[in-house]
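Some notes on the structure that comes next.
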Amino acid sequence: MRIFITDCEGPISKNDNALELAAHFVPEGERFFSVLSAYDDYLAYVEKRPGYKAGDTLRLILPFLKAFGATDEGIEKFSKENILLIPGARDTLRLIREKMPAYIISTSYAPYIQALCEVIGFPLEATYCTALTLDQYPLPEEEARALREVAGEIAHMPLIAWGEGATGLTDLSASERKAVERLDRLFWKEIAQMQVNRVIEEVDPIGGAAKAAAVRDIRKKTKSDFSDVMYVGDSITDLAALEMVKQGGGLAVSFNGNVYAIQGAQVACVGKDTGIITRVAERFAAGGKAGVMAGLAPAGKDAPRLGSDTEIGEITPETLPRWIEQSRQFRREVRGVSIGSLG
């Protein structure tokens, strides 16, 4: 049985719900989130810190959201009121579900995914996302004051960046090393001593290895082989799932993906709507991976244009740089510079 699995934010919606929640509740929240997102990428894929996975930014921001007044009700209300779909997403998922089972695996918090499923008419039971009940975690006022103060400190830290082949602190600038060392002390020593640290310990974002585990769970439920799986992703949290599907003989697709998604996928799609996902999924449902790959341009040829704002092609060592740049441009245009620049 062939199955379709997709990330949510990127292939289906324009949102980055966690960033938007931070921007809504935390002063200078967009910058605050961007600093922690870069720290998250560094821990997961440069330092490869044991026990840390891509997407754990969604753990790290929770004490701060609570310190600035976020509640379960407030998060649910904000999420419902701010859903932005990629054009065509509702129809794409409907058409795909007529041909094969479809699933969503998202790092996003459950209130956002629940709201999105209501909007697009997608079954909630066919989703995997990050469970969250923020109200159950105590936060003494003394801790809240300390967190509110340090949020401003984080927002004024440099964005951590690194070059290809980086493996640790020695590959960072002096200011970036200082930022990593300060964030390490903050999260793993200072906040670790607070009561509110329970929320960091207990919330388990569905990102990185957890997305790959969700793919395996879907395969088990549907009794499908990896060769039966089409996975669509766009970010660092999809890398493990994309690589697993690709190595297992399935179809790993990047849609307006960042550099991590492009590196993990075997097919790149760029577009301003989800029409290209519909077409690739229809080919996959009919002929599997071979049916999709047969329709791509031969190596060395230009990627076919399926409309003025849509392209698709195989990712090879030769085409990788082009797809990284092309996808980056579409990603920023479709989702905005702030979201499009995140890992």
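The values are calculated or read from the model by the stated rules, or taken from the named source; none is laboratory data. Computed from a predicted structure; not experimentally measured. Here Cβ is always computed from backbone atoms with ideal geometry, including for glycine, and neighbour counts include all displayed protein chains.
Search the stretch 90-105 for residues being touching a Gly at 6+ places or on another chain (Cβ under 9 Å) and buried (at least 21 other Cβ atoms within 10 Å of the Cβ), and hand back the single one that is farthest from V280 (Cα to Cα).
If we take residues in the stretch 90-105 being touching a Gly at 6+ places or on another chain (Cβ under 9 Å) and buried (at least 21 other Cβ atoms within 10 Å of the Cβ), then I105 is farthest from V280 (Cα to Cα).
Could you run through the stretch 44-69 and say how many residues are more than 20 Å from A131 (Cβ to Cβ) and surrounded by fewer than 22 Cβ atoms within 10 Å (Cβ to Cβ)?
The qualifying residues number 8.
Does P123 count as in contact (Cβ under 8 Å) with a residue 12 or more places away in the chain and touching a helix residue (DSSP H, G or I) at 6+ places or on another chain (Cβ under 9 Å)?
no
This table checks each residue for (1) outside the structural domain of E141 (by TED's automatic domain parsing); (2) modelled with pLDDT of 95 or more; (3) not small (G, A, S).
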residue: V35; (1), (2), (3): no, yes, yes
residue: Y39; (1), (2), (3): no, yes, yes
residue: I61; (1), (2), (3): no, yes, yes
residue: A67; (1), (2), (3): no, yes, no
residue: L95; (1), (2), (3): yes, yes, yes
residue: K99; (1), (2), (3): yes, yes, yes
residue: I105; (1), (2), (3): yes, yes, yes
residue: A110; (1), (2), (3): yes, yes, no
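For V270, are the conditions met, namely being at pLDDT 90 or above, part of a strand (DSSP E or B), in contact with a strand residue (DSSP E or B) (Cβ under 7 Å, 6 or more places away or on another chain) and crowded, with 20+ Cβ neighbours inside 10 Å?
When the stated conditions are applied, V270 passes them.
Name the pairs whose Cβ atoms lie under 7 Å apart, with the first residue in the stretch 233-247 and assigned by TED's automatic domain parsing to the domain that holds R219, the second part of a helix (DSSP H, G or I) and basic (K, R), and 6 or more positions between them or separate chains?
Note: pairs meeting the criteria are T237/K211; D238/K211; A240/K211; A241/K211.
Please go through (1) within 25 Å of the chain's Cα centre (by Cα); (2) at pLDDT 95 or above; (3) surrounded by fewer than 18 Cβ atoms within 10 Å (Cβ to Cβ); (4) not acidic (D, E) for V180 and return the number of the only condition it doesn't satisfy.
Condition (3) is where V180 drops out.
Restricting to the stretch 16-33, give me the number of residues that are surrounded by fewer than 23 Cβ atoms within 10 Å (Cβ to Cβ) and either outside any helix (DSSP H, G or I) or of a type outside the set (A, V, I, L, M) (or both).
8
Here's a check for you: in the stretch 295-326, which residue that is over 18 Å from L251 (Cα atoms) and of a type in the set (S, T, Y) is modelled with the lowest pLDDT? Break it down into steps so the answer makes sense when it comes.
Filtering the stretch 295-326 for residues over 18 Å from L251 (Cα atoms) gives 300-302, 304-310, 318, 321-322, 324-326.
Among the residues that remain, those that are also of a type in the set (S, T, Y) are: 308, 310.
Numbers: S308: 51, T310: 84.
Among them, the one singled out is S308.
I'm told Q195 meets every condition in (1) within 25 Å of the chain's Cα centre (by Cα); (2) surrounded by 13 or more Cβ atoms within 10 Å (Cβ to Cβ); (3) not basic (K, R) except one. Can you identify the failing condition by its number?
Every condition holds for Q195 apart from (1).
Go through I154, I160 for me and flag whichever is closer than 19 Å to F68 by Cβ, of a type outside the set (S, T, N, Q) and either surrounded by fewer than 13 Cβ atoms within 10 Å (Cβ to Cβ) or in the same structural domain as F33 (by TED's automatic domain parsing) (or both).
None of the others qualify; the one that does is I154.
Kindly check whether there is at least one residue in the stretch 136-147 that is in contact (Cβ under 8 Å) with a residue 40 or more places away in the chain, over 30 Å from G288 (Cα atoms) and among the polar types (S, T, N, Q).
Looking through the stretch 136-147, none of the residues is in contact (Cβ under 8 Å) with a residue 40 or more places away in the chain, over 30 Å from G288 (Cα atoms) and among the polar types (S, T, N, Q).
Would you confirm whether or not the stretch 15-38 contains a residue that is among the hydroxyl-bearing types (S, T, Y), touching a residue at least 40 places away in the same chain (Cβ under 8 Å) and within 30 Å of E164 (Cα to Cα)? Don't jump to the end; show me each part of the working.
The initial filter retains those residues of the stretch 15-38 that are among the hydroxyl-bearing types (S, T, Y), namely 34, 37.
Filter again for touching a residue at least 40 places away in the same chain (Cβ under 8 Å), leaving 34, 37.
With within 30 Å of E164 (Cα to Cα) added as a condition, the list becomes 34, 37.
Checked the stretch 15-38: at least one residue is among the hydroxyl-bearing types (S, T, Y), touching a residue at least 40 places away in the same chain (Cβ under 8 Å) and within 30 Å of E164 (Cα to Cα).
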